[in-house]
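Report on one structure; see the data block that follows.
Nothing in this text is a laboratory measurement; each read-out follows from the coordinates by a stated rule. Just so it is clear, the model here is predicted, and its values are computed rather than measured. Here Cβ is always computed from backbone atoms with ideal geometry, including for glycine, and neighbour counts include all displayed protein chains.
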Amino acid sequence: MANQPPRRTPPKGGHPQNGSNRSSNGQRRSSSAQNNGRPSGSRSGSTQGRSGSGQGRGPAPQSRNGQARRPAPAQTAPKRPTGKKNPAKKKRKKRITIFVVEMVVLGILLLLLFGYTKIGFGRITHEGIKIGDLDINELDSETKELLNGYTTIALFGIDNHDAGNFSNGRTDTIIIACINNDTKEVRLCSVYRDTYLNIGDGVYTKCNAAYQEGGPQQAISMLDNNLDLDITDYITVDFNAMVDIIDLLNGITLTITQEELEAMCGTHRVGTDEAGNPIYEQSENYLETVAEAAGQKPDYNLVAGTQNCSGVTAVAYCRVRYTSGDDYRRSERQREVISQIIAKSKEADADTIVKIINTVFGEIATSYSNMQLLTMASQFASYELVDSAGFPFYKNTKSVGKSGSCVIPCDLVDNVKHLHEFLYQDTSYTPTDTVESISKEITNKTGYTRDDADDRLYGSVVPGADAAAVPEDAGAEAVPAAE
């Protein structure tokens, strides 16, 4: 693929825009910890383009309403007191009194809710993360200001099947959840578990090994260090929790293909014979594996098509990998199941939500306190999942030494630019020197550059094309993913 034209920055219309809401209202704790004098990236270079073409960025980025991307806040002069009596003064006092009463009542209700669910909250594994212990790159002030307008959380799904143990285990699922604090819009980005990255201390291998080596702290540092993020909080979920949540919601609606159904039951197609008949190989029976871990029985009466799925069926569906699209399609299925859970939860009554809390919180580990979780839960109805994607966007696969078959970012710098555009609608991001250095090391170890991106891989973005215009199933059967 060496003859591909240089990659161009996707047009600004490539992703849903909410860039005009970039204030720092509702800021969470700062993650601007120093990192041993790490050099920072810069946004100020007016001639440094996003692509490798060396072209300038051109005019300053515009927001949806056509104004400058980060306009200075307008100053409003305070109204001078007139000294006249306000005829609505008594009405205002009455309204204030009513408001205070409402707040007291709301506070009592929250205390009752907290008391009713204290058993569930008490079962959560709380493992705080010290910001100073995380490997966060030294981001420039403009990036820090932008990211402070968002809450970015690392979501991990572990597959060690050791109930209640969240300190290690390879992560079967790695998802970056990004919440716009102003609009409450949510974007999810899966990081393919076989992505070849620096997992810490200069060790390059599949990124899902970070959690195994150093638990959530090292896994978060891996994301921050390789992707120029400032994540400081996480939620880790045992797969049993997913089964319980979906069952308590009376199932979720999924469309299962015949190929996916066969893979869920432990067979997958590897080709066809001379007569054109499919050839199958045996693989893990995900229905039985998930059912056994959950203490349930699998449903063998499933058929292909759209249907209401139990927790066992839904988790088996999002764990299969030996289908068209391989691990890339699996990551998409995982995001699909999460999306369905969110939609169904919004329709659930309070009694169901309390049952979920008391049932599954023993299968969750997080850095958040109980009160922080309660606050987030109170805002849940206002969240809206607007988009999801998989990382890396530009990629290829290759067997790299003892790491085996890996997903190679082609290259990491371009992928980090694209990631910040997707999560934060930042169309002019310049990665830090740290990301530049990691990207060069990945190229040195794999031999793959930005020109080696294979757009036939499932979920790939075609170099130079509008990312939003490329369907995730483009070329799904063309090239296998990493093992």
Give me the aspartates and glutamates in straight-line cross-link reach of residue 346: C-alpha distance below 18 Å, same-chain residues under 8 apart excluded. 185, 244, 247, 336, 384, 387
Note: residue 444 to residue 354 extended length (0.36 nm per residue) minus current alpha-carbon separation gives 27.2 nm
What three numbers, in Å, describe the spread of the alpha carbons of the stretch 184-264 along their principal axes, ordered from the longest? 44, 32, 25
The answer for residue 309, listing residues at least 5 apart or on another chain whose modeled amide H is closer than 5 Å to its amide H, is 252, 253, 254
Could you go through the stretch 144-153 in sequence order and give the Karplus-derived ³J(HN,Hα) for each residue, using 6.51 cos²θ - 1.76 cosθ + 1.60 with θ = phi - 60°, rounded to whole Hz, and x for Gly and Pro? 4, 4, 5, 5, 5, x, 10, 10, 10, 10
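Let me make sure I get this right: for the stretch 339-453, a, b and c are the square roots of the gyration tensor eigenvalues over alpha carbons, sorted descending. Under 1.5 in a/c it's rounded, otherwise prolate if a/b > b/c, else oblate. Which is it?
Since a/c reaches 1.5 and a/b is larger than b/c, the shape of the stretch 339-453 is classed as prolate.
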If the chain between residue 141 and residue 292 were fully stretched, how many nm would it gain, using 0.36 nm times the residue separation less the Cα-Cα distance? 49.3 nm
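Once fully extended, how much extra length lies between residue 213 and residue 257, figured as 0.36 nm per residue of separation less the alpha-carbon to alpha-carbon distance?
Extending this stretch completely gives an extra 12.2 nm.
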Kindly flag which residue pairs out of 184/344; 417/440; 130/206; 206/398 have an alpha-carbon separation exceeding 20 Å in this structure. 130/206
Exposure proxy order (Cβ contacts within 10 Å, fewest to most) of 156, 391, 380: 380, 156, 391
Would you pull out the residues with amide H under 5 Å of residue 396's amide H, same chain only if 5 or more places away, H placed 1.01 Å from N? 408, 410, 454
Set the Förster radius R0 to 30 Å, insert the Cβ-Cβ distance between residue 280 and residue 339 as r into 1/(1 + (r/R0)^6), and round the FRET efficiency to 0.05. 0.45
Please report Rg (one decimal) and Dmax (integer) in Å for the Cα set of the stretch 313-387. 14.8, 43
